[in-house]
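Below is one structure; the comments refer to it alone.
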Amino acid sequence: MARGRFVTFEGIDGAGKTTHLAWFRDRLADKLAATGRTVVMTREPGGTALGESLREILLHQPMDLETEALLMFAARREHLAQVIEPALARGDWVLSDRFTDATFAYQGGGRGLPRDKLETLERWVQGGFQPDLTVLFDIAPDTASERRGAAREPDRFESETDAFFTRTRGEYLRRAEEAPYRFTIVDSTQSIEDIRKRLENVIASL
Ligand SMILES: Nc1ncnc2c1ncn2[C@@H]1O[C@H](COP(=O)(O)OP(=O)(O)O)[C@@H](O)[C@H]1O
Ligand SMILES: [Mg+2]
């Protein structure tokens, strides 16, 4: 069977990624059912036992910015080796809640880590490997912050300022402009229903 495809969801905290992830997985799985392929749904940081342990540390433990970037890529290396690569090799599709664009957006755009350092780690961990499709859920930081609300204790990223998320969003949009063949930008101010209609079209075009 031919290699599967790799789809990622990106966007700042509160943009709506998780809201649509399982639904998108189900729609994609329906479409692929006749081909015998399945869809593996996963997330970053995380996706493996070690990755989920690193996620806990990354989301809650204060650390140096470069340590943060290194741990993100360490979790990613494990994710690629244990989950993403084997799934794609056997012909399945992979749908991930975040991937490397998030590291460029958060650690690069948000926190200001120089891009060339991230590019060095990216080359080390994944060579030239990139998602086949990245859905970028785009929304203004103040709206995203309202949506996140006060339902639970915010993690180290969720508790960042609007200024941080403005830089993060800017870097996401810059990357989308740089690689338009890979990115689809969804206007996340729309209703969930309208976004699903848009995503239906995205799935139909795959
Ligand atoms: N299109 C939308 N309109 C209104 N509220 C939304 C919309 N999409 C998501 N939400 C709500 O916003 C919050 C954040 O969404 P979530 O999917 O968790 O974002 P993310 O995973 O990108 O951080 C959730 O409470 C969710 O129900
Ligand atoms: Mg989420």
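The values are calculated or read from the model by the stated rules, or taken from the named source; none is laboratory data. No experiment lies behind these values; they were computed from the predicted model shown. In this analysis, Cβ positions are derived from the backbone assuming ideal geometry, glycine residues included, and neighbour counts consider all displayed protein chains. The area values use the complete protein model at the heavy-atom level, side chains included, leaving out ligands, DNA and RNA. Shrake-Rupley method; radii C 1.70, N 1.55, O 1.52, S 1.80 Å.
Data overview
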quantity	calculated
Table column - 3J(HN,Hα) (Hz), segment 122-127, Karplus curve with 6.51, -1.76, 1.60, x for Gly and Pro	4, 4, 4, 7, 10, x
FRET efficiency estimate (nearest 0.05) - Cβ-Cβ, residue 90 to residue 33, R0 22 angstrom	0.85
Accessible area of the chain belonging to carbon and sulfur atoms, whole % at 1.4 Å probe	51
At R0 = 25 Å, FRET efficiency that the Cβ-Cβ distance of residue 70 and residue 153 yields, to 0.05	0.45
For segment 6-205, convex hull volume per residue from C-alpha positions, Å³	117
Cα radius of gyration and Dmax for segment 19-82 (Å)	15.1, 48
Cβ-Cβ FRET estimate between residue 177 and residue 146, R0 fixed at 30 Å, reported to 0.05	0.65
Accessible area per residue in Å² at 1.4 Å probe, computed on segment 6-205	46
From phi via Karplus (6.51, -1.76, 1.60), per-residue ³J(HN,Hα) for segment 32-42 in Hz, x at Gly/Pro	8, 3, 5, 8, x, 8, 10, 10, 9, 9, 8
